[in-house]
Structure formats: structure tokens, C-alpha cells
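The values are calculated or read from the model by the stated rules, or taken from the named source; none is laboratory data. If you're wondering where the values come from, they're calculated on a predicted model, not measured in any experiment. Here Cβ is always computed from backbone atoms with ideal geometry, including for glycine, and neighbour counts include all displayed protein chains. Areas reflect the complete protein model, heavy atoms only, side chains present, ligands, DNA and RNA absent. Shrake-Rupley method; radii C 1.70, N 1.55, O 1.52, S 1.80 Å.
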Amino acid sequence: MKKIISNYYFFIAILLVIADQEFSGLVLRSDLVTGLSDFVYYLSDMMLNFLVVLLAIIVMIWSGKWQKINSRKFKGSYLFYSFLALLAFVAWNFVTFFIFPPTKNEIAYQLDVPTFIGATSFLMYFFYPVIAGPIFEEMIYRGLVMTALEKGKKWGLDVLGSAVLFGILHISNHGWVLTDFFSYMGGGLIFAVLFRVTKSIYWPIGLHIVYNGIGQILPLLF
């Protein structure tokens, strides 16, 4: 089994990326969700994404890729690179704010927020966007995708492929708007470069959590 996964790792990774983008949507658009409360509906969406990520981790472990991205070694330079990456996000957001319109993904989320109450509000306003989402996305689009494209590392194809798919993820449910794509692709490039430099999945996960956390907290302060 391990040999099979290793030989076809790239194609398995493609299937898992497709599943990550489409699986939960297909299930949640079916009759299976009829009558579910908002909390159970959104929790189901999160758990379906978790299943795909769990399968991706299993595939990475069995193929031997997990050991390459699982380093817990701390270096002061990695903390510095993370800080630079955060500054790059601030600069990128500043640029996109003035030259691009708000993304449809952002608008849709802002329209949904007032309808979240109780446990659903905690799930969708904090836990999913700040904790679960960053972990899931980094595991797939940095851990899985960049190890699947490591043969093209010399030409930066792992970084570019990760960023492109990350951009597609964030526009696929809200219309294929080019400016939306470039907004998210730019963020994907920053995460991918940080992953390439640190060689550990934990640094982009940490940056993603901090960045999304700031984005959720700032609106509460103003």
C-alpha cells in the first residue's frame, strides 16, 4: 500500500484537492441536510473538510512525505521570517484594498455573520475561520500540494501551484472573479514561501491563525 501511494502520490494529491473543494459542497447540497439546524449544518461542513484533511495526512505519512514537513525545530530566523510574512500580508492587503473591489467571498461572509447566533456564532465567527480553517488549508495547500509538486521545486512550481490552488479554493463558491483570485493567490504565495523557507508546516499554520485572528478581532474594536 505504501509503495502504491508513493508511486501515485501526485495523482492522489490532485484527487484530495478536488475532494477538499467539492466534497462537502456536494453532500451539503443534497437532501441529507434537510431539517438540520444552522449549527449542525456548518459543523457537518467542517467535519467533512476534516475527513479530507485526515486522509491527506494519512497519505503523507504512508508515502514518507509527512516527515519532511513535520519538523518542530525552532530557529530565531523562522520567527523573523514569519514576522516578515505578516508584514507582507499587511502590505498586500493595503495594495488590494485600493486597487481591487471587495472579494465576493468576503462580502458573502459579512452578510452571513449577523445570522449567526449562540454556538453557531462561535463556530463560524471564531473557531472555523481562526483555528480549524487555517489548519485544514495549510495541510492541504502547503503540506500536500507542495510535497506533490516537489519535483518542480527548482522552478518554483510547488510555490506557484500551491498559491494558484489556494486562490481557486477561495473563489470557487462565489464566482470566478479575476481580482478575487489574485487577492487570495497573493496570500497563498506568502504562505507558500514561508513554508519553503522553514520546511515545516507549523510556521504557515501559525501565521495563518494569527492573520485570520487579527482579521476577526479588528472589526470588534472599531
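Local charge sum around Lys151 (other residues, Cβ-Cβ under 15 Å, Lys/Arg +1, Asp/Glu -1)? Computed value for this residue: +3. Based on C-alpha pairs under 8 angstrom that are at least 6 apart in sequence, the stretch 1-220 has a relative contact order of 28 percent. Summing Lys and Arg as +1 and Asp and Glu as -1 over all other residues whose Cβ lies under 14 Å from the Cβ of Gly161 gives a net charge of +3.
Atom-type composition of the exposed protein surface of the stretch 133-204 places 72 percent of the accessible area on carbon and sulfur (1.4 angstrom probe).
Give the calculated FRET efficiency between Lys153 and Leu87 to the nearest 0.05, with a Förster radius of 35 Å applied to their Cβ-Cβ distance. With a Förster radius of 35 Å, E is 0.90.
Rounded to the nearest 20 debye, the dipole size of the chain about its Cα centre is 1240 debye, using +1 on the Cβ of Lys and Arg and -1 on the Cβ of Asp and Glu.
Principal semi-axes of the equivalent ellipsoid, √(5λ) from the alpha carbon gyration tensor of the stretch 1-84, are 31, 21, 10 Å from largest down. Taking 0.36 nm per residue of separation and subtracting the Cα-Cα distance, full extension of the segment from Ile14 to Gln216 would add 69.6 nm.
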